[in-house]
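Before any comments, here is the structure.
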Amino acid sequence: MAAEFKIGNRIIGEDSEPFIIAEAGINHNGDMNLAKKMILEAKKAGVDAVKFQTFRTEEFIQDKEEMYTYQSQGVQVTESQYEMFRRTEFSEEEWKELKSFCDEQDIIFLSTVSGIDGLELLLRVGVDAVKVGSDDFVNIPLLGKYEKYGLPMIVSCGMAEEEEIAITLKTLRVKEGHPVCLMLCTSEYPTPPEDVNARKLLAIAEKFPEVIPGLSDHTQGSIAAVIAAAYGAKIFEKHFTLEHNLPGPDHWFSADPAELKVWADGIRTAHVMLGSPILRPTKTEEKQRAVMHRSITAAKEIKAGEVLTGENLVLLRPGDGIGAIHWEDIIGKKTKRDIANGIKLTWEDIER
């Protein structure tokens, strides 16, 4: 896995706790008050960061007449894609206000960028990492420009072929040590279970060991994120909304605040459950062994010099004597003294 890197005050690496991002995206609908309420809800959900999208619509949409159809408030809406994005833009002063609000709430501010202007704006505002969405994952000229700023990069690889992933990571100079998190992503909203393909995370770890793996989770629910945690993902993000019925393209499939908390809690619980790979009992199990295991015990009175057999021995709780695992070591040996019925054997009782 890649060397550790920091986002804000959080270290991210092979042994780190999961870094969890609540993606506000454009679900603030261009409303500052709504954006601030989303930051507060993200904080309540226990995530590490809240992420928006910073762009100038002109940078990625030229045709103002191009239409876009999406589901909103239970119906299909068709409108100008340009106008849809344009009304969710914030000014530089508004971004600074949101960044300050995040700082006040002690939650990390992040944003997905769609151009150099947006990145330079974010750098003036204050940001610790560059997030690139799947739509720009194969935008090699733009990625090359982003890389030169030297910040850790979180890149989603939705829609990408393996060869394209390799080219993008070469552009980002991962083999030269540039810190990159490669987010497994399926660009389907929402993503059905059969298209998650969580085992891609294992392929990422094998084929691109220099990156930190993550999950951009477009599924509904938390199962995909829990599986991803087990498969080594360290950074997680998920769209969320204050209410599914708000107007806009992403609200209906995004997690609401309660769902966001369940999702984040599931990731953290999965991380705790992974625990240690060392094959040994827990501290509590160590105590339980003496209670629940069985000891080798005399099934009847055994005379000194008598051979120990399955006829004169029995296995009984508690397990604070010679454990059952030593049964084969005991059978056929002779006793050194008389042992009364029901007495647990000790190693001193047995001829070696």
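The values are calculated or read from the model by the stated rules, or taken from the named source; none is laboratory data. What you see is a predicted model, and the numbers here were worked out from it, not measured in a lab. Here the Cβ positions follow ideal geometry from the backbone for every residue, glycine too, while neighbour counts run over all protein chains shown. Just the protein is used for accessible areas: all its heavy atoms, side chains included, with ligands, DNA and RNA removed. Shrake-Rupley method; radii C 1.70, N 1.55, O 1.52, S 1.80 Å.
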Filter region 97-119 for residues that are of a type in the set (D, E, K, R) and either modelled with pLDDT under 95 or in a loop (DSSP other than H, G, I, E, B) (or both); the one that is farthest from Gly8 (Cα to Cα) is Asp117
Considering every residue within region 233-244, establish whether at least one is in a loop (DSSP other than H, G, I, E, B), under 17 Å from the mean Cα position of the chain (by Cα) and closer than 30 Å to Ala42 by Cα.
yes
Assuming Asn245 fulfils every condition listed in (1) under 30 Å from Ile26 (Cβ atoms); (2) open to solvent by less than 50 Å² (accessible area, probe 1.4 Å); (3) in contact (Cβ under 8 Å) with a residue 24 or more places away in the chain; (4) touching a His at 6+ places or on another chain (Cβ under 8 Å) apart from one, which condition is it?
(2)
Identify, please: which residue in region 140-157 is open to solvent by less than 50 Å² (accessible area, probe 1.4 Å) and part of a helix (DSSP H, G or I) and is, among those, farthest from Glu59 (Cα to Cα)?
Glu147
So which residues in region 268-290 are β-branched (Val, Ile, Thr) and either open to solvent by less than 70 Å² (accessible area, probe 1.4 Å) or modelled with pLDDT under 95 (or both), if there are any at all?
Thr269
Qualifying position, being open to solvent by 20 Å² or more (accessible area, probe 1.4 Å) and farther than 29 Å from Thr168 by Cβ, among Asp117, Asp106:
Asp106
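With the requirement that a residue be under 13 Å from Ser295 (Cα atoms) and either open to solvent by 60 Å² or more (accessible area, probe 1.4 Å) or under 44 Å from the mean Cα position of the chain (by Cα) (or both), what does region 308-320 give you? Break it down stepwise before answering.
The first filter runs over region 308-320 and keeps only residues under 13 Å from Ser295 (Cα atoms), leaving 313-320.
Of everything in region 308-320, those that are under 13 Å from Ser295 (Cα atoms) and either open to solvent by 60 Å² or more (accessible area, probe 1.4 Å) or under 44 Å from the mean Cα position of the chain (by Cα) (or both) turn out to be Leu316, Arg317, Pro318, Gly319, Asp320.
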Subset of region 79-96 [open to solvent by 30 Å² or more (accessible area, probe 1.4 Å) and either part of a helix (DSSP H, G or I) or touching a residue at least 24 places away in the same chain (Cβ under 8 Å) (or both)]
Gln81, Glu83, Phe85, Arg86, Arg87, Glu89, Glu92, Glu93, Glu94, Lys96
Mind counting the residues in region 209-222 that are open to solvent by 30 Å² or more (accessible area, probe 1.4 Å) and more than 15 Å from Ser254 (Cα to Cα)?
2
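Take Lys99 and decide whether it is under 25 Å from Glu188 (Cβ atoms) and open to solvent by less than 50 Å² (accessible area, probe 1.4 Å). Write out each step before concluding.
Values: under 25 Å from Glu188 (Cβ atoms): no; open to solvent by less than 50 Å² (accessible area, probe 1.4 Å): yes.
Against the criterion (under 25 Å from Glu188 (Cβ atoms) and open to solvent by less than 50 Å² (accessible area, probe 1.4 Å)), Lys99 does not qualify.
Counting just the residues of region 248-260 that are surrounded by 17 or more Cβ atoms within 10 Å (Cβ to Cβ) and of a type in the set (Gly, Ala, Ser), which one comes out nearest to Lys43 (Cα to Cα)? Before you say what the answer is, go through the steps one by one.
Here is the first cut: in region 248-260, the ones surrounded by 17 or more Cβ atoms within 10 Å (Cβ to Cβ) are 248-255, 257, 259-260.
Restricting the remaining residues to those that are of a type in the set (Gly, Ala, Ser) gives 248, 254-255.
On the way: Gly248: 23, Ser254: 17, Ala255: 14 Å.
Across region 248-260, the extreme among qualifying residues is Ala255.
Yes or no, residue by residue, for (1) out of contact with any Cys (no Cβ under 6 Å at 6 or more places or on another chain); (2) open to solvent by 30 Å² or more (accessible area, probe 1.4 Å); (3) outside any loop (DSSP other than H, G, I, E, B); (4) closer than 14 Å to Asp250 by Cα:
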residue: Ile11; (1), (2), (3), (4): yes, yes, yes, no
residue: Asn33; (1), (2), (3), (4): yes, yes, yes, no
residue: Val47; (1), (2), (3), (4): yes, no, no, no
residue: Lys51; (1), (2), (3), (4): yes, no, yes, no
residue: Gln62; (1), (2), (3), (4): yes, yes, no, no
residue: Val77; (1), (2), (3), (4): yes, yes, yes, yes
Take the conditions touching a Cys at 6+ places or on another chain (Cβ under 9 Å) and either hydroxyl-bearing (Ser, Thr, Tyr) or surrounded by 15 or more Cβ atoms within 10 Å (Cβ to Cβ) (or both) and apply them to Phe137. Does it pass?
yes
Report, by residue number, each residue of region 120-132 that is surrounded by fewer than 20 Cβ atoms within 10 Å (Cβ to Cβ) and part of a loop (DSSP other than H, G, I, E, B).
Gly126, Asp128
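Looking for whichever is open to solvent by less than 100 Å² (accessible area, probe 1.4 Å) and either more than 30 Å from Val47 (Cβ to Cβ) or in a loop (DSSP other than H, G, I, E, B) (or both) here; the options are Ile296, Ile325. Which one fits? Working first, answer last.
On the way: Ile325 fails: open to solvent by less than 100 Å² (accessible area, probe 1.4 Å).
Going through Ile296, Ile325 in turn, just one is open to solvent by less than 100 Å² (accessible area, probe 1.4 Å) and either more than 30 Å from Val47 (Cβ to Cβ) or in a loop (DSSP other than H, G, I, E, B) (or both): Ile296.
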Looking only at region 328-352, and only at residues there that are acidic (Asp, Glu) and closer than 25 Å to Pro281 by Cβ, the one that is most open to solvent (accessible area, probe 1.4 Å):
Glu328
